[in-house]
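The values are calculated or read from the model by the stated rules, or taken from the named source; none is laboratory data. Computed from a predicted structure; not experimentally measured. Please note: Cβ atoms are built from the backbone with ideal geometry, for glycine as well, and neighbour counts cover all protein chains shown. Accessible surface areas use protein heavy atoms only, side chains included; no ligands, DNA or RNA. Shrake-Rupley method; radii C 1.70, N 1.55, O 1.52, S 1.80 Å.
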Amino acid sequence: MNTMTTTTPETATTVLDASGVTMRFGGLTAVRNVDLTVKAGEIVGLIGPNGAGKTTFFNCLTGLYVPTEGKVRYKGTVLPPKPHLVTQAGIARTFQNIRLFANMTVLENVLVGRHTRTKEGLWSALLRGPGFKKAEAASHERAMELLEFIGLQDKADHLARNLPYGDQRKLEIARALASDPGLLLLDEPTAGMNPQETRVTEELIFAIRDMGIAVLVIEHDMRFIFNLCDRVACLVQGEKLVEGTPGEVQADERVVAAYLGTPFEGDPGADEVAEVEAAEAQSATRTTRTEGETQ
Amino acid sequence: MTTKTHQTTPVLAIPATVARAATAAGAALTLGSTFLAWTWTAKFPGDLTVTGYPGGLQVLTLVGAALTLLFTLSGYGIKGLRWLTPGGTNSPVRLAALGLLGTMGFTVGAISVELGGVVNLEPGAWIGLVGAIIAFVASLGLPHDQDITDTATPSPLEKFLNSLRAPAPGRPKELPSWAEILIIVAAFGIGLFVVTYGIDTAYPELFVGYLLITGFAVTALFKAGLMARLSAITTKYRSIAVAAAFVAAAVFPFTQSTDQYTLIAVNILIFATVALGLNIVVGLAGLLDLGYVAFLGVGAYTAALVSGTSASAFGVQFPFWASVLLGAAVSLIFGVVIGAPTLRLRGDYLAIVTLGFGEIFRIAVGNLDGVSGPRVTNGPNGVPNIPDLNFFGYDFGESHTILGFELGAYANYYMLMLLAMILVVLVFSRAGSSRIGRAWVAIREDETAATAMGINGFRVKLIAFALGATLAGIAGTVQAHVQSTVVPEMYVFAGPVPPNSAFLLAAVILGGMGTISGPLIGAALLYMIPAKLQFLSDYQLLGFGLALILLMRFRPEGLIANRRAKLEYHETGQLDVPDETLAGTTSGTTKAGA
Ligand SMILES: Nc1ncnc2c1ncn2[C@@H]1O[C@H](COP(=O)(O)OP(=O)(O)OP(=O)(O)O)[C@@H](O)[C@H]1O
Ligand SMILES: [Mg+2]
């Protein structure tokens, strides 16, 4: 996996350009002066210990929070801090704690995702002209396509709440894709999944990238992240500590220290930490396991 | 299914064959007794003294006994009757027998209490009562339709409740389409007859008996799986079913010889239409509106003031179509004015503001009397003498003869109100199954996720709120002409006479949120019960509260579960993964941290 480096040429267009994003909650600075860019065709990973501010950063990007400072540009235009306008512009997201419309069917969930790409208002719904029927049919067709893409086409009529956990996560992705985004933000897409399901999700994200959608993904599963991403950024206590290729980030001792804690100078345990660090650099498997222990 | 099942023994340990025979015998006994005299004097309403001709409560008992008998015979597997019980076999028997016992027992009790003692009962009544008791007790010995799954040692109450549960019916036999359409027509014909009978009940005893027997009979039909069959057919021929429903509703005034009950029906229609409008706001978009009746008032006052009545401060007379448009427009404006500032906020602000608006409206029109404020609405006296409508010389205030039927004045308003209701039903179903309707439901389910999916929450909620207000306003314009007087006290938050805000909300919740038929049934019940049982007047609100508590405990989704709730409760081969965190209330579970 170390052979996997940034394949994107320097000239690729920048999809997302967040500069100097800061989010303060009263005295707590959850995100501090973070710069991050995502280029077309890239999969970028965002890692960091619990409470590092990853989700808060996502919320700043998508307009759920208004950043205290900083600007977020999508394809060159500054985004207004309103979630629906951000989605309209072309950024779609999923949530860390699944937020499906539990009492709507699987198909309806995806149809809701089509909202920004359709225009039919109340009048056209009441009058039911030919335009309305056409648009409705087109939405259904697109939604079914997406369900086939994630493999839930047979469960289109089920209630979202009755889906197994892994399917719920996939459905959230399909719902986000329904808005035809240029950038997809995934907040821990494999949390709670078993290894097989994680593999499937990995394939799914590659397929999404191949559809021409840039992906920014938060994940705690290091093996998954380093496998998947062209570039990885590590947030620690709201600040971006490192950014680089998976290889660079994996090798960075500050990242390891952030996950394990920094030893004191001359601390008797320093040797052990150094040992662990060496091991980390070699084996992503080990990294994942250690990371698991810190949780 | 992984849960353990235990062979559940019947509530009473009687051999099943004996139990079935005894049930049939008991029901037959009661059926026969309805042809005998139950009391000696015609002082008890309905005249139960005639031998050979059932009257009043005897007819209802007869229906209950016949139904019990039919279900029991179907349990024998008699050819030609099997179709009666595609779902549960024995639970409908128990329910029908319970309804029979309830009606019979109530009749015996009412005769004894009203005439002063059991001596007033003729032997016929005793025979009927004994038959009903035998039928019910014996029905408890019939096997359960479903085994208890959650406990190995159920208490008697658990056992009894379980004995009323039934499995969903299997795949139906294919019928030719003319037969299915015939079934739809027959079903709506029966429906019309049942509703008409209820509205036409002339004395409270009969209405109580009617509620008892229809309540149990309808539940029995559900348990037997007949309702599921019917709803499958009506979904298949949707447009025919809708047309049949409205034809059945339109036939109602032709069944009436006097205007007395047509007025009740008109009022039910007004109440139901407004409740259905509220269902858009509450049931679809999840916005709690506690002052909805004020929008009805806005429409009614607007129509009253431009109706040409001498009591109006304006002294203008608009044609009806213009006053409907004006009433709708004014309600719309009020809806936007109330909604725009509050719908930006989340949570319960809307409930508080609408509650306030409802009261402000009532007090304001009470004060615009020329003393406390400018003279616009005549204050507490209201606007009287609103003239009857007149369409191209067709006077709504007079009776007309149509197709040889003499139709009273209220029949005209009934038809007009039915049109208004069709409009609201159309708006509800069309808006509900569209992009905007899905956005409403999404907002109700999870506002944060909905906005993250690109839905402009404020805009979409404002549309729902304003649409609801407009529909209520339209209903109000008709109401003003029906009542011919509008006074502020018609538009209170809670009161004994529907529609008021609390009863509207109750009709929606009782009937079933997010459905069309739910609020209609809820409104009909909530209007008829106070109107028919006036002797209850003091206890009415108490009973109302008790009924709501019981309903929330035993059937939180309302009398009619909507399509989504149905998916939740019916086994449709779905993976059954009950999610504790999602179960229960569906709205307002917004967690921090998005
Ligand atoms: N709305 C809020 N108000 C106050 N503090 C908040 C708010 N949202 C997040 N925080 C705080 O900001 C910090 C960062 O939280 P965030 O959820 O972004 O972490 P995270 O990196 O996503 O962690 P995890 O890996 O556990 O998901 C935490 O200390 C959290 O308590
Ligand atoms: Mg997080």
Worksheet, complete the sentence: Carbon and sulfur atoms account, in whole percent of the 1.4 Å probe accessible area of the protein assembly as shown, for 63 percent
Response to the item:
Contact order relative to length for chain B, counting C-alpha pairs under 8 Å separated by 6 or more residues, stands in percent at 15 percent
Worksheet item: Assuming R0 = 25 Å, what is the FRET efficiency of B:Phe160 and B:Ser517, from their Cβ-Cβ distance, to the nearest 0.05?
Response: 0.30
Worksheet item: Based on DSSP H runs of at least 4 residues, each adding -39500 (n - 2.57), what is the mean residue ellipticity at 222 nm of chain B after dividing by all its residues, to the nearest 500 deg cm²/dmol?
Response: -19500 deg cm²/dmol
Worksheet entry | B:Asp395 versus B:Asp147: modelled label distance in nm, points set 7 Å from Cα along the beta carbon direction | 7.3 nm
Worksheet, complete the sentence: Dividing the mean separation of Cα pairs under 8 Å (6+ apart) by the residue count of segment B:57-127 yields a relative contact order in percent of 30 percent
Worksheet, complete the sentence: Projected onto the charge dipole of chain B (unit charges on the beta-carbon of Lys, Arg, Asp and Glu, signs +1, +1, -1, -1), the Cα from B:Ile268, B:Val337, B:Ala311 with the largest positive-side position is that of B:Val337
Worksheet entry | Positive-end extreme of charge dipole, chain B - chosen from B:Val59, B:Gln483, B:Ala250 (charges on Cβ) | B:Ala250
Response to the item:
Extension length gain for B:Ser239 and B:Phe314 (0.36 nm per residue less Cα distance), in nm, is 22.6 nm
Fill in: Cα-centre dipole for the protein assembly as shown with unit charges at Cβ (Lys and Arg positive, Asp and Glu negative), debye to 20
2020 debye
Discussion item. Need the full-extension length gain, B:Val185 to B:Ala42, defined as separation in residues times 0.36 nm minus the C-alpha distance. One decimal, nm.
Written reply: 47.7 nm
Response to the item:
The lysines whose Cα lies under 28 Å from the Cα of B:Lys79, excluding any fewer than 8 residues away in the same chain, are B:Lys173, B:Lys223, B:Lys236
Worksheet item: Can you give the average number of partner chain beta-carbon atoms within 10 Å of each beta-carbon in peptide B:154-163, as a whole number?
Response: 0
Worksheet entry | For segment B:361-456: rounded, prolate or oblate by the Cα gyration tensor [a/c cutoff 1.5] | oblate
Discussion item. Tell me the per residue accessible area of chain B using a 1.4 Å probe; a whole number in Å² is fine.
Written reply: 44 Å²
Worksheet item: What do you get for Rg/Rh of chain B when both radii come from the Cα atoms and Rh is the Kirkwood radius?
Response: 0.99
Item to complete: Report, in debye and to the nearest 20, how large the dipole of segment B:1-160 comes out about its Cα centre when Lys and Arg carry +1 and Asp and Glu carry -1 on their Cβ.
Response: 340 debye
Worksheet item: So what does the Cα-only Debye profile of segment B:43-138 read at q = 0.10, 0.13, 0.18, 0.26 Å⁻¹, as log10 I(q)/I(0), no solvent term?
Response: -0.30, -0.49, -0.80, -1.31
Worksheet, complete the sentence: Simple spin-label estimate for B:Ala25/A:Met211, 7 Å along Cα→Cβ, in nm, reads 7.1 nm
Fill in: Mean Cβ neighbour count within 10 Å, used as a protection proxy, ranking B:351-357, A:50-56, B:180-186 highest first
A:50-56, B:351-357, B:180-186
Worksheet, complete the sentence: Its Cα gyration tensor gives the protein assembly as shown an equivalent ellipsoid whose semi-axes in whole Å, largest first, are 60, 37, 23
Item to complete: Taking 7 Å along the Cα-to-C-beta vector as the label spot, tell me the A:Ala137-B:Val497 distance in nanometres, rounded to one decimal.
Response: 5.2 nm
Item to complete: Compute the acute angle (0 to 90°) between the alpha-carbon long axis of helix B:320-342 and the principal axis of greatest extent of the alpha-carbon atoms of chain B; round to the nearest 10°.
Response: 90 degrees
Response to the item:
Quick shape check on segment B:146-229: root eigenvalues a ≥ b ≥ c of the Cα gyration tensor, a/c under 1.5 is rounded, otherwise prolate if a/b tops b/c, else oblate, and it reads oblate
Item to complete: Using only Cα atoms, tell me the angle between helix B:457-483 and the longest principal axis of chain B; keep it within 0 to 90° and round to the nearest 10.
Response: 90 degrees
Discussion item. Per 0.36 nm of contour for each residue apart, how much would the distance between B:Leu423 and B:Trp321 grow if the chain were fully extended, relative to their Cα-Cα spacing?
Written reply: 35.3 nm
Worksheet item: Hey, with R₀ at 45 Å, roughly what FRET efficiency would B:Glu406 and B:Ala16 work out to, going by the Cβ-Cβ distance, to 0.05?
Response: 0.25
Discussion item. What's the total accessible area buried between chains A and B, using a 1.4 Å probe, rounded to the nearest 100 Å²?
Written reply: 4000 Å²
Item to complete: Calculate how steeply helix B:349-367 sits against the longest principal axis of the alpha-carbon atoms of chain B, using the helix alpha-carbon long axis, and give the answer as 0 to 90 degrees to the nearest 10.
Response: 60 degrees
Fill in: Calculated SAXS-style log₁₀ I(q)/I(0) at q = 0.10, 0.17, 0.20 Å⁻¹ - segment B:197-323, Debye, Cα scatterers
-0.57, -1.29, -1.31
Worksheet item: Which of the lysines could a cross-linker span from A:Lys82 if the Cα-Cα distance has to be under 18 Å and same-chain partners fewer than 8 positions apart are dropped?
Response: A:Lys71, B:Lys461
Worksheet item: Efficiency by 1/(1 + (r/R0)^6): what FRET value for B:Val247 and A:Tyr165, r their Cβ-Cβ distance, R0 = 45 Å, to the nearest 0.05?
Response: 0.40
Worksheet, complete the sentence: Rounded to the nearest whole number, the Stokes-Einstein translational diffusion coefficient of segment A:1-121 at 4 °C and 1.567 mPa s (Kirkwood radius, C-alpha pairs) in µm²/s is 79 µm²/s
Discussion item. For B:Lys532, give me every one of the lysines with a C-alpha distance below 24 angstrom, ignoring sequence neighbours fewer than eight places off in its own chain.
Written reply: B:Lys43
Response to the item:
The farthest towards the positive end of the charge dipole of chain B, of the residues B:Val353, B:Ser517, B:Met227, given +1 on Cβ of Lys and Arg and -1 on Cβ of Asp and Glu, is B:Met227
